[in-house]
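Step one of this worksheet: look at the structure below.
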Amino acid sequence: MAMVEGELTETEKNFGWFTQANIKGCEGQWVAIVDGKMLGPNKKIEPLLKEAKKRYPNKVPLVVKVPTEEPLVA
Amino acid sequence: MRDHMVLSYSYFPSKPLPRPIIPVRLRHNDKLLDVGMLLDSGSDFSMIPVSISEALGMNIEGLKKTKTIGIGGIPIEVKMSELDLILKRGREEYEMSIPVQINLNPDVIPLLGRIPLFDEFDVIFRQWKNQINLKRMVEKDKEKRRKRSRK
């Protein structure tokens, strides 16, 4: 079995950066990550995507809803 | 494509419990959005909030509302549609069209369900290591599985 190696994609870079970021205060809200920078948090996605498009028109943003501290049952 | 390629992801380090949230790319027509989705082996289908379907430019007006049953037996109103799911790492790229439930609540956490991800990958939760491995099934494995399911 071979693990996938190689250059990280834009998606993974953004997610990797986000996993290292200080997310205290973001719980239960949306954040957008573009080019290693976090926008938000915000209770709604739309304003984040609007700002991402304005500041980084050629980038694909990553949106994440930050889980809360309560146990999660999906 | 090489056999038995594995895409490996770390759990999202939320407190107090890390969660199996993985980054995926969603595409509808020419619109792209990267989304952290909770990998949910208990969900038949993937589910996105309506806010994400809007961001992807999906027209859901004419779609029929259906009900899906959540934990606790509470019905949730959804609309059924389709989009492309892209998993990519380095030179490896897997793309599949997936059925998706659009939850009319704009703020629910996006879920990555079993169909069809679990038909294409062996999904391994390594809870002790806070890691998820997606192992691409080769054709012979799929055939074995199909034979087994016919018995």
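None of the figures in this text is laboratory data; all of them are computed from the coordinates on show. In this text the structure is predicted, and so the values were computed from the model without any measurement. Every residue, glycine as well, gets a Cβ built from its backbone with ideal geometry; the counts of neighbours run over all protein chains shown.
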Among the range B:40-57, those whose backbone N falls under 12 Å of a label point 7 Å along Cα→Cβ from B:GLU77 are none
Full extension between B:GLN127 and B:ARG91 adds, at 0.36 nm per residue less the Cα distance, a length in nm of 10.2 nm
Computed ³J(HN,Hα) along the range B:35-51: with the Karplus parameters 6.51/-1.76/1.60, θ = phi - 60°, integer Hz and x for glycine or proline, the list is 9, x, 10, 6, 6, 10, 5, x, 9, 5, 10, 6, 9, 10, x, 4, 5
At q = 0.09, 0.10, 0.12, 0.14 1/Å the base-10 log of I(q)/I(0) from the Debye formula over the alpha-carbon atoms of chain B is -0.31, -0.38, -0.56, -0.75
For the range B:73-89, Karplus-derived ³J(HN,Hα) couplings (6.51, -1.76, 1.60; θ = phi - 60°; whole Hz; x for glycine and proline) come out as x, 7, x, 10, 7, 9, 10, 9, 8, 9, 8, 9, 10, 10, 10, 9, 8
Under the 7 Å Cα-to-Cβ spin-label approximation, B:GLU54 and A:GLU46 lie apart by a distance in nanometres of 0.4
By the Cα gyration tensor axes a ≥ b ≥ c (a/c under 1.5 gives rounded; else a/b larger than b/c gives prolate, otherwise oblate), the shape of the range A:10-65 is oblate
In the protein assembly as shown the DSSP beta bridges are antiparallel at a rate, in percent to nearest 5, of 85
Over the Cα atoms of the protein assembly as shown the radius of gyration and the largest Cα-Cα distance (Dmax), both in Å, equal 17.3, 56
Counting sequence-distant residues (5 or more places) and residues on other chains, those with an amide H built under 5 Å from that of B:SER43 are B:ARG114
Amide H contacts under 5 Å for B:GLN131, restricted to residues at least 5 apart in sequence or on another chain and with H modeled in the peptide plane, are B:TYR11, B:ARG126
Rounded to one decimal in nm, the spacing of the 7 Å Cα→Cβ label points at A:ARG55 and B:LEU63 is 3.0
For chain B, averaging the sequence separation of alpha carbon pairs under 8 Å that lie six or more residues apart and dividing by its residue count, the contact order in percent is 29
